[in-house]
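Okay, structure first, notes after.
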Amino acid sequence: MRRVYLDHAATTGVDRDVLEKMTPYFSDTFGNPNSLHSFGREAEKAVTSSRDAIAKLLGCKPNELYFTSGGTEADNWAIKGIYTAYKNKGNHIITTKIEHKAVLASCQRLQKDGAEITYLDVDKYGTVDLEQLKNSITDKTILVSVITANNEVGTIQPIAEIGRICKERGVLFHTDAVQAIGAVDIDVKRDNIDLLSLSAHKVYGPKGIGALYIRNGVKCDRYISGGSQERGMRAGTTNVPLIVGMAAAFEKAVLNSEENNKKLIRLRDELIQRIEAGIPNSYLNGHRINRLPNNVNFCFEFVEGESLLLMLDMQGIAVSSGSACTSGSLEPSHVLSAMGVPPEIAQSATRFTFGRENTMEDIDYVVECLKKNLMTLRAMSPLFKQEKGDAKHV
Amino acid sequence: MRRVYLDHAATTGVDRDVLEKMTPYFSDTFGNPNSLHSFGREAEKAVTSSRDAIAKLLGCKPNELYFTSGGTEADNWAIKGIYTAYKNKGNHIITTKIEHKAVLASCQRLQKDGAEITYLDVDKYGTVDLEQLKNSITDKTILVSVITANNEVGTIQPIAEIGRICKERGVLFHTDAVQAIGAVDIDVKRDNIDLLSLSAHKVYGPKGIGALYIRNGVKCDRYISGGSQERGMRAGTTNVPLIVGMAAAFEKAVLNSEENNKKLIRLRDELIQRIEAGIPNSYLNGHRINRLPNNVNFCFEFVEGESLLLMLDMQGIAVSSGSACTSGSLEPSHVLSAMGVPPEIAQSATRFTFGRENTMEDIDYVVECLKKNLMTLRAMSPLFKQEKGDAKHV
Amino acid sequence: MYSQKVMENFANPKNVGVIEDADGIGTVGNPTCGDIMKMYLKIENDVITDAKFQTFGCAAAIASSSMATQMIKGKTIDEALTITNRQVIEALEGLPPKKIHCSVLAEEAIKLAIEDYRSKKKT
Amino acid sequence: MYSQKVMENFANPKNVGVIEDADGIGTVGNPTCGDIMKMYLKIENDVITDAKFQTFGCAAAIASSSMATQMIKGKTIDEALTITNRQVIEALEGLPPKKIHCSVLAEEAIKLAIEDYRSKKKT
Ligand SMILES: Cc1ncc(COP(=O)(O)O)c(C=O)c1O
Ligand SMILES: Cc1ncc(COP(=O)(O)O)c(C=O)c1O
C-alpha cells in the first residue's frame, strides 16, 4: 500500500547522513566525555564541535548552550529554573494560551508554588496581542515565554518584537523554538532572546536530545542535579551520539532552509488551495502567511477528527488530529479553543505536516482520500444534511 | 598502540547486537508512539515489548516502569518526586554518604526547600550500618535511598535487608541500581524496593536512556511536565530506538549474568592479587567479597591519581581516578572520605573496571605499566623515600 | 490501540443510516463533547425488526453503534433493554479505558429509542 | 584538556630530583589538598646554576614544576623573583582554569627557595 507520512510535526525519521554521522559514537568512539583518558577526550571533541556548530547557527556562544533530553526538558528547565532563580525579584510569568504542553504544564506546576501566571490571548489566527503583552508586564514580572511557532496550527509569532519589548521592560524572554528551527530565521542576539528551547527530532535528528540556550548573564537554576556535566548546569552522562546527530540535523535544516522552505510552502499552499476549492465546510486554522512552511490544519465540519485520522490511516496516510500529544485526550485542542473555534468544530481539526520526501502526487492522493472519507463520515453524521451540495446543521 | 579500556563503570560502548536492534527505529520505524496512525502504532509496539522485557527482568509490572533520559534523571525524579508528594506527611529523608552525586545533589537541593536529610555513615569497606539506619527512622521519615552498589569502590549494600527494615517501619525505599544491573541479583518485589533507578549505558546500552521503577501504589510527583507520555508521568517524545536498545542491553546483561560475572570476577581477583603482591604501599578500597564483579579500586601511596591516570593513558590504558563525575574536581572522593581514607591517600585512588572484552593478557600489560609508572611517580614525589624496598613517609 | 473487531466495525459499519418511519428514535451525546449517537428502531410486536444509526464521533463510537444495532436486531424490546455497555465492549473484544463512554452512549441510545417507542405507543 | 606543552613536560619532565647540597629549598602545598612541590636551587653569585624539583601532584603540577625550573636556570635570583604564574602558564601554552593553582605553586616554590637561600646567607 502507498504510505504518505504527513505528520512531520509529531516526529521525523533520522536523516540517513545524520545517522551515518552519529553511528560511530555508539560502539566505536564510545567514551564518556567526562573521562580524562583518550577514550573520553575523543568523545569530548565530538561534543565540542557539535556545540560550536549549533551555537553558530543560533548566533550565540558555545558556552550558552546546554544539552538536554529534548524540547520538553528544555522547556521545564527554562520555566522552572528561571522561577526559582528570580522568585525573590518577582513571582509573575507571562505566557500564552497556545504554548506547547511542556510550557503550560510547567507554568501550572509553578502556580501551585505561588507563581502568578498570565496566559495571553491570541486572535483567531493564533497570533498573540502585543498590546496585551505590554499591559501585562508589571514590576513583579520576571519572564515572558512565547512559542516561536505553534506546533498545531503553525502560526509564527512576532518574536523579534516580543524580544524588543522584553528588553525595554527589563524582563527575560524565553521562546520554544522546537517547531521553528530551520523554518524560521532565528538569531538569539539580534532577536533579544534570553532562553530558547530546541529539539532534534522535528528536523530529521534523533528523538531524546535537545538543548536550552541560556544567555550569559542570565541566572537559571539547574534542574537535573548531580555530576558536573554541562559546566555544572545539567547533570547526566553526556549523550555523545545524539548530540552529534542533533548538530548534523540542525546544520542540514538551517543551512538549506531557504530551499527546503520554498518546496514545503509550495506543497502547503497547494493542499490548502485544493481543500478550500474542493471540500465544502472546511476551515483553515492558523495564519495564512505567518505560518510554518510545512503546516496545514483544517477543521471539517460534521466530522470527528479521530475517525478521519483512522480512515486516512487505513489508506496509508498519516496525519494528526490536533497534536500528537493531545490526540487521545477528550478535550478539544487548547490552541483552537484559544483561537475561538467552537468545540464541535474543533473536534474535527486535522493537521497535515509535510516533510522533505513529500511530493505533489502525495497531495493528489491525499485530497482524493480526504474527499471520499469525508463523504462517508458526513453521511454517517446526524449533524449533516446534504442539500443541493450545500451542508447545514440539522 | 595497544588500547585497554578499564573504565566500564564510566560508560561502555553499545553492544553490536544491541545497536543492530536499535538501528531500524531511527530512520525506518521512526513514528511517534503517541500518534494514532500506523507509523505511531509500530513504534508503540516496540516500546511496549521493551517495557515488558525490562519489567520481567526486574520482577515488576510493565506499568510500574517509566522511561527517563538516564540514571541521573531517574534519581532526581525519585528523590524530588517523593519529597513533594509526601512532604505533608514528613520532611525527613535518609540516604548515605556514598551515594552517586545525582542522589546527593538532589537531597542537597531539597534541604534548601526545608527537607531534613540524614546521611548515613559507612564502615571502612563502604557498607552502611543497618543499626544506624534503624535508629535514624523517625515518624517524619518518608524515604530511604541507598545505592545498590557503589560506582567508585564497588561495595554492594544489603539491599534486601534495607528493604525489609523500610517495609516494617512503613517508609519508602529507593535504590540506585545503575551500577548493579546484571551484576547483582535484583527482584523488586522480593527485595521490597519501592523505587529503583536504572541506566542503559553502563551495560552496553546507549547513553541517554534510563528508567525509574515506581511500585504501584506509591505516589511520586511527575518531574518533567508536559505531554501525556508514560501514562502522564514523564513528558517528552518517547525515545523509541534508545528504549529498544536499553531492553536489549538489559536482557543480555541479566540473562547472561552468571557467566559474565564469573569471568569478570576472575579478572578482578587476579588484578587485586597481582597488585597486592607486586606493588608496595597499595591499598584496596571497598569490600573484598560484597563487591561488583568488575570493580578494582586501589590507593597507591605517594602518588596523585590524575598523574597515574594520564601516564597509563599514554600507554593506551583507560582508568578512572575516583569516578568520571568527580575526576576534574579538586576535593578527594566523598566516598573514600566517608570510608575514612585520609585525603592524601585518597588522592591516589585509581579505579579499574573490567568489561566483557578484557582478557588476562590485559592484566599482564596493566600491571607492568602500573609498576613502571608508580616507580616514576614515586621517585618524583617528595613524600616518598625508598628504603630497602620499603616505603615510608619522609 | 483498538481491537481488530473495533476496526472492522469502524471500517465497515453495519446499519448506518436513517429509518424514515422509525417507531422509536434515541439521541444521546453532545457535539461539544465529541460524540452524538442517534438510533432509529423499527419495532413490530415488541420485536426489533430493524435498527439503524447515525453517529458523529470517534472510531469507538461508530463501532459501538454498529455493534449495538447488530446485537438488538431480532430481539424483543425487553431483551434489548438488558443489553449493557459491558456486553457491547465484550462483543467488540475490548475498548481502551478512555473510550468506555462510547459503549455507554450505545446502551443509552437503545434505552432512549425504546422509551421513545413506548411513549409514542401510549399516546 | 591539557596543551601539548603541558603533556610534554608531564611525560618527560625536566629537572626531576634532589640537589643534595642545595643552597635554597622551597616547599609549598599540602598533600591533603592534592599537591606538594619541593624546589631545590643551587646558587652561585646570585645566579641560579641548577634547579631541581620533587612534586606530588597532578599533571599540571608536574609540568609547572618542570617548566618553572627550566625558566629560572641561569637567571639571577632577582630575575627569577619576577617570574609570575602567568608566565609559567604562557610557557606551558595554557592551563585549564581548575589547574591555575598549580602554576601558583611553582611561582611560590621559587620565591620560598630564594627566601630560604637569602635567610641562610644572612645567618
Ligand atoms: C513546540 C514544541 N515544544 C516542545 C516539544 C517537545 O519536544 P520533545 O518531544 O523533544 O520533548 C514539541 C514536540 O513534541 C513541540 O512541538
Ligand atoms: C550509581 C550511579 N547512579 C547514577 C548514574 C547516572 O546515570 P546516567 O549517566 O545515566 O545519568 C551513574 C553513572 O553515571 C552511576 O554510576
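The values are calculated or read from the model by the stated rules, or taken from the named source; none is laboratory data. Bear in mind the structure is a predicted one, so any value in this text is a computation, not a measurement. In this analysis, Cβ positions are derived from the backbone assuming ideal geometry, glycine residues included, and neighbour counts consider all displayed protein chains.
Within region B:47-73, the residues that satisfy the criterion of being of a type in the set (Gly, Ala, Ser) and more than 10 Å from chain A (Cβ to nearest Cβ) are B:Ser49, B:Ser50, B:Ala53, B:Ala55, B:Gly59. Consider B:Arg2 against the criteria (1) more than 10 Å from chain A (Cβ to nearest Cβ); (2) within 16 Å of ligand 2 (Cβ to nearest atom); (3) in a loop (DSSP other than H, G, I, E, B): it satisfies all of them except one. Which criterion is unmet? Answer for B:Arg2: the failing condition is (2). So which residues in region A:53-96 are within 14 Å of ligand 1 (Cβ to nearest atom) and not polar (S, T, N, Q), if there are any at all? Passing the criteria: A:Phe67, A:Gly70, A:Gly71, A:Glu73, A:Ala74, A:Asp75, A:Trp77, A:Ala78, A:Ile79. Evaluated against (1) within 11 Å of chain B (Cβ to nearest Cβ); (2) in contact with a strand residue (DSSP E or B) (Cβ under 9 Å, 6 or more places away or on another chain); (3) hydrophobic (A, V, I, L, M, F, W, C), D:Cys33 falls short on exactly one condition, (2).
Within region A:325-336, count every residue that is within 14 Å of chain C (Cβ to nearest Cβ) and at pLDDT 95 or above.
So the count comes out to 1.
In region C:16-45, the residues that are on the phi > 0 side of the Ramachandran plot reach residues that are charged (D, E, K, R) and part of a strand (DSSP E or B) with C-beta atoms within less than 8 angstrom, at least six apart or across chains, in these pairs: C:Gly17/C:Lys52; C:Gly29/C:Asp35.
Residues checked against (1) surrounded by 24 or more Cβ atoms within 10 Å (Cβ to Cβ); (2) within 16 Å of ligand 2 (Cβ to nearest atom):
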{"site": "A:Val14", "(1), (2)": "yes, no"}
{"site": "A:Thr29", "(1), (2)": "no, no"}
{"site": "A:Ser38", "(1), (2)": "no, no"}
{"site": "A:Ala46", "(1), (2)": "no, no"}
{"site": "A:Pro62", "(1), (2)": "no, no"}
{"site": "A:Ser69", "(1), (2)": "yes, yes"}
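The set of residues from region B:27-46 being assigned to a helix (DSSP H, G or I), in contact with a helix residue (DSSP H, G or I) (Cβ under 6 Å, 6 or more places away or on another chain) and within 7 Å of another protein chain (Cβ to nearest Cβ) comprises B:Ser27, B:Ser38. Counting the residues of region A:277-293 that are in a loop (DSSP other than H, G, I, E, B) and over 14 Å from A:Val366 (Cβ atoms) gives 10. Being more than 7 Å from chain A (Cβ to nearest Cβ) and either free of Cβ contacts under 8 Å to residues at least 40 places away in the same chain or among the aliphatic types (A, V, I, L, M) (or both) is the filter here, so list the residues in region B:5-23 that pass it. Correct list: B:Leu6, B:Ala9, B:Val18, B:Glu20, B:Met22. Filtered by the rule that a residue be more than 14 Å from chain B (Cβ to nearest Cβ), under 19 Å from D:Thr27 (Cβ atoms) and either charged (D, E, K, R) or part of a helix (DSSP H, G or I) (or both), region D:41-70 gives D:Lys42, D:Asp50, D:Met67, D:Ala68.
Count of region A:210-235 residues, restricted to those that are of a type in the set (Val, Ile, Thr) and within 14 Å of ligand 2 (Cβ to nearest atom), is 1. Checking D:Ala113, D:Ala80, D:Ala109 one by one, the residue that is over 26 Å from B:Arg378 (Cα atoms), touching a strand residue (DSSP E or B) at 6+ places or on another chain (Cβ under 7 Å) and assigned to a helix (DSSP H, G or I) is D:Ala80 and no other. Checked against (1) away from ligand 1 (no atom under 16 Å from the Cβ); (2) of a type in the set (A, V, I, L, M); (3) buried (at least 24 other Cβ atoms within 10 Å of the Cβ), B:Val171 passes all but condition (3). Is it true that some residue in region B:101-119 is surrounded by fewer than 18 Cβ atoms within 10 Å (Cβ to Cβ), over 27 Å from A:Lys80 (Cβ atoms) and either away from ligand 1 (no atom under 16 Å from the Cβ) or among the aliphatic types (A, V, I, L, M) (or both)? No, every residue in region B:101-119 fails to be surrounded by fewer than 18 Cβ atoms within 10 Å (Cβ to Cβ), over 27 Å from A:Lys80 (Cβ atoms) and either away from ligand 1 (no atom under 16 Å from the Cβ) or among the aliphatic types (A, V, I, L, M) (or both). Kindly indicate whether any position in region D:15-29 is within 7 Å of chain B (Cβ to nearest Cβ), under 14 Å from the mean Cα position of the chain (by Cα), surrounded by 24 or more Cβ atoms within 10 Å (Cβ to Cβ) and under 15 Å from B:Pro382 (Cβ atoms). No, region D:15-29 has no match at all.
The rows are residues; the columns are (1) away from ligand 2 (no atom under 16 Å from the Cβ); (2) free of Cβ contacts under 8 Å to residues at least 24 places away in the same chain.
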| residue | (1), (2) |
| --- | --- |
| B:Ile93 | yes, no |
| B:Ile117 | yes, no |
| B:Gly126 | no, no |
| B:Thr138 | yes, no |
| B:Gly163 | yes, no |
| B:Glu168 | yes, yes |
| B:Ala183 | no, no |
| B:Asn192 | yes, no |
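Taking the conditions (1) outside any loop (DSSP other than H, G, I, E, B); (2) touching a residue at least 40 places away in the same chain (Cβ under 8 Å); (3) surrounded by fewer than 23 Cβ atoms within 10 Å (Cβ to Cβ) in turn, C:Glu90 satisfies each one other than (2). Of everything listed in (1) more than 16 Å from ligand 1 (Cβ to nearest atom); (2) part of a loop (DSSP other than H, G, I, E, B); (3) closer than 30 Å to A:Ala318 by Cβ; (4) of a type in the set (Gly, Ala, Ser), the single unmet condition for B:Ser50 is (2).
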